[in-house]
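Undergrad: Can you read through this structure? Questions will come right after.
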Amino acid sequence: MAYVDTVPPERAGGALAALYERIAAERGAVAAIHRAASARPDLLEAHYAFYRALLWSSRGLGRRLRERIALAVSEANACRYCATHHGEALCRVGGAAPDDPTEAALVGFARKLTLAPAEIERADVEALRAAGLGDEEIVDAVFVVGYFAL
């Protein structure tokens, strides 16, 4: 729920209307998080570009693991909106795999980085490496955690 005035898609004009149309075409609808930024279409455009690069990139972890991290962070910081949204998205892209050691390592890392970032140590990153992740995937995970911990 936004605590600022928002512009719904049916009332948007100019650059905001064009951006809403693009978002709806790519995602099926304009999410509440996007409408919350309607007072600053320039920031919404930058935010949406970052979101797309972060979650939909063909590089790094892949969509399923990114959504799993998003869900872990959203649960850790008690964001019901994000937990619901990314829980549903995770189901659409294959669901959680609790027996997967890579996923388990990422979830543990995501929770620790969200709740106790000052306590992250080299050993935490080495645990990700031991689970089969390289630098590209680790950097990917850090960015996903950072985005959803905002």
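The values are calculated or read from the model by the stated rules, or taken from the named source; none is laboratory data. It should be emphasised that the depicted structure is a prediction, and the values quoted were computed from it without experimental measurement. FYI the Cβ positions are ideal-geometry reconstructions off the backbone, even for glycines, and counts take in every protein chain you see.
Undergrad: Would you check which residues across segment 68-93 are more than 22 Å from ALA105 (Cβ to Cβ), assigned to a loop (DSSP other than H, G, I, E, B) and in contact with a helix residue (DSSP H, G or I) (Cβ under 9 Å, 6 or more places away or on another chain) and list them?
TA: So in segment 68-93, the residues more than 22 Å from ALA105 (Cβ to Cβ) come out as 78-81, 84-85, 88, 92.
Filter again for assigned to a loop (DSSP other than H, G, I, E, B), leaving 78-79.
Scanning segment 68-93 gives a single hit, CYS79.
Undergrad: Please give the number of the condition LYS112 fails out of (1) exposed (fewer than 13 other Cβ atoms within 10 Å of the Cβ); (2) modelled with pLDDT of 95 or more; (3) among the charged types (D, E, K, R).
TA: It is condition (1) that LYS112 fails.
Undergrad: Just to verify a result, which residue in segment 45-67, among those that are surrounded by fewer than 16 Cβ atoms within 10 Å (Cβ to Cβ) and hydroxyl-bearing (Ser, Thr, Tyr), is nearest to ALA110 (Cα to Cα)?
TA: SER57
Undergrad: If you don't mind, there's one more thing I want to ask. Taking the conditions exactly as written (within 11 Å of the chain's Cα centre (by Cα) and among the acidic types (Asp, Glu)), does GLU45 satisfy them or not? Talk me through it step by step, then tell me what you get.
TA: Numbers: within 11 Å of the chain's Cα centre (by Cα): no; among the acidic types (Asp, Glu): yes.
Against the criterion (within 11 Å of the chain's Cα centre (by Cα) and among the acidic types (Asp, Glu)), GLU45 does not qualify.
Undergrad: Then there's this: Report, by residue number, each residue of segment 27-41 that is in contact (Cβ under 8 Å) with a residue 24 or more places away in the chain and either within 28 Å of VAL142 (Cα to Cα) or among the β-branched types (Val, Ile, Thr) (or both).
TA: ALA31, ALA32, ILE33, ARG35, ALA36, SER38, PRO41
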